[in-house]
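The values are calculated or read from the model by the stated rules, or taken from the named source; none is laboratory data. Everything numeric here is computed off the predicted structure, so don't read it as measured data. In this analysis, Cβ positions are derived from the backbone assuming ideal geometry, glycine residues included, and neighbour counts consider all displayed protein chains. Note: areas computed on protein heavy atoms with side chains; ligands, DNA, RNA excluded. Shrake-Rupley method; radii C 1.70, N 1.55, O 1.52, S 1.80 Å.
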Amino acid sequence: MTKKLFYDNIYQKEFTANIASVKEIDGKFHIELNQTAFYPEGGGQPCDKGTIEGLEVSYVYEKNNKIYHIIDREPPKLHLLKCAINWERRFDHMQQHLGQHILSACFHKLFDAKTVGFHLGNEFVTIDITLNNISPVQIEKVEYFANQVVFNNLHVKQLYPTASKLSELPLRKPPKVKENIRIIEIDQFDFSPCCGTHSSHTGEVGVIKIRKWEKIRGNIRIEFVCGNRALKDFYWKNDTINKISKLLSVKDIDALSGVERIFSQYNSQKKEIRKLKEQLLDYEASTFYQSAYIVNNIKIINNIFDNRNFEDIRNLAAKIVSKPDVIVLFGLKNEKAQMILSCSKEIDINMTKVFKEVCPIINGRGGGNAHTAQGGGDQTSKLEEALKTAQDIIIHQYLV
Ligand SMILES: [Zn+2]
């Protein structure tokens, strides 16, 4: 059985230990120490990391009351090994974990909601609480309450009560184990069975900030950060707001209304541009229609565009062929060659058939229906030839 130094002194960062056993598994060494300040993964809290005689500890786990530390190399000696835990990582876990107890207790006290899930991730912490819905006002209320618990710097104690004493404690949730039950008490405010590591005073949590919430499987998942994580979150958010307000030349407090104003201008300008574009295409369509080449009362329009949007060209073609007795043969030269062949609906020429005949000229592919066909190929220099061929086919096979 490994002596758990982290339960005697949660703030112990360095210690000396002897090796009780070494197991080599898949090239890694699983070191069992006689005593350890390394917290093994458990109770929703990730394990500690650090070093044993300067060798990196990548993972720590508990099995049958023994704690194993995984290192890459064989330890240099068996006795009096110098060990150190990564304090930054541990303190972060203590802040997040105690913050979770406080927040869960506040949800319980204010809204009678239980915490049914807890995840301490690398960036964020989440709890799942038994509520169907929660409003922003309720979120603000619970967050405010939780932070008052932090600021009051309440003493956090660990209790190992006897069975009869345990039955008298107002536990927030029942214990998962049957013996050696450890209760974390936040000075009369909350009693919760837990095996994790927590700061000795609520003040060390610093601040508890709820980032967002969402419905998950009938519960509400609350995402939050505490202490240094909250500070980091504040850094980039503050920086972002400052940059936005500078861009918009408004006070930071007016950043959102500034963005909303610009967004609404953008939307109305987008509408205006769409309207103007339509008018321009209508004008372009009637110009083409009036200057068409006429064969046997059928108007033929053959044109190649450079650097235009294919969507616009297709729109333009559709506008022209909505008028009677007209055939449109359009090409578009961008990084590739695109064609659209189209005719008014009363003209009895299969445009897809014509398209398939000229398509190989531009090494292209495509298709369509009887009235419109479109596609593209890589031979941009052959686009004129392809359209000219299509025009010749139409005139000689269908119109004369
Ligand atoms: Zn805990």
Taking amide hydrogens as modeled 1.01 Å from N in the peptide plane, which residues meet the under 5 Å criterion relative to Gln35, leaving out close sequence neighbours? Lys3, Asn18
By how many degrees, between 0 and 90 and to the nearest 10, does the Cα long axis of helix 255-290 differ from the longest principal axis of the chain? 20
Out-of-range pairs (alpha-carbon distance over 20 Å; input Lys63/Lys114; Lys299/Lys345; Lys28/Lys49; Lys277/Lys356; Lys63/Lys157): Lys63/Lys114; Lys277/Lys356; Lys63/Lys157
Using only the Cα atoms of the stretch 97-183, build the gyration tensor, take square roots of its eigenvalues as a ≥ b ≥ c, and label the shape rounded, prolate or oblate: rounded if a/c is under 1.5, else prolate if a/b is larger than b/c, else oblate. prolate
Taking the chain as a Gaussian network, Cα atoms linked when under 10 Å apart, which of Leu110, Leu341, Leu78 shows the biggest mean-square fluctuation? Leu341
Carbon and sulfur atoms: what percent of the 1.4 Å accessible area of the chain do they account for? 51
Among 391-399, 65-73, how do they line up from the highest to the lowest mean number of other beta-carbon atoms within 10 Å? 65-73, 391-399
Under a straight-distance cross-link criterion of Cα-Cα below 16 Å, which aspartates and glutamates are reachable from Lys173, leaving out those fewer than 8 residues away in the same chain? Asp112, Asp128, Glu185, Asp190
Each residue of the stretch 295-302 in order: what ³J(HN,Hα) in whole Hz does its phi give by Karplus 6.51 cos²θ - 1.76 cosθ + 1.60, θ = phi - 60°, with x for Gly and Pro? 10, 6, 6, 9, 8, 10, 10, 10
Once phi is turned into θ = phi - 60°, what whole-Hz ³J(HN,Hα) does the Karplus curve with 6.51, -1.76 and 1.60 give for every residue of the stretch 109-122, x standing for Gly and Pro? 6, 7, 10, 6, 9, 8, 9, 10, x, 8, 9, 9, x, 5
Per residue, what accessible area does the stretch 3-85 have, given a 1.4 Å probe and all protein chains present, in Å²? 51
Order these peptides, 6-15, 362-371, by their mean beta-carbon neighbour count within 10 angstrom, highest first. 362-371, 6-15
Could you state the orientation-averaged shadow area of the convex hull built on the Cα atoms of the stretch 276-399, in nm² to one decimal? 6.7
Placing one equal point scatterer on each C-alpha of the stretch 91-240 and summing with Debye, one gets log10 I(q)/I(0) at q = 0.09 Å⁻¹ equal to -0.27
Take peptides 168-174, 90-96 and line them up by average Cβ neighbours within 10 Å, highest first, as a rough protection proxy. 90-96, 168-174
What distance in nm separates the simple spin-label points at Ser268 and Lys356, each placed 7 Å from Cα in the Cβ direction? 5.2
Mind jotting down the three principal axis lengths of the stretch 3-85 based on Cα atoms? Whole angstrom, largest first. 29, 25, 20
Between the stretch 297-363 and the stretch 135-158, what is the C-alpha centre distance in whole Å? 69
Please give the calculated 222 nm ellipticity per residue for the chain, where each DSSP H segment of at least 4 residues contributes -39500 (n - 2.57) and the sum is spread over every residue; nearest 500 deg cm²/dmol? -11500 deg cm²/dmol
Percent of Cα-Cα distances greater than 40 Å, calculated over the chain: 52
For the stretch 309-400, what is the accessible area per residue in Å² when the probe is 1.4 Å? 46
Report, in debye and to the nearest 20, how large the dipole of the stretch 1-118 comes out about its Cα centre when Lys and Arg carry +1 and Asp and Glu carry -1 on their Cβ. 240
Per residue and in cubic angstrom, what volume does the convex hull of the Cα atoms of the stretch 147-188 have? 79
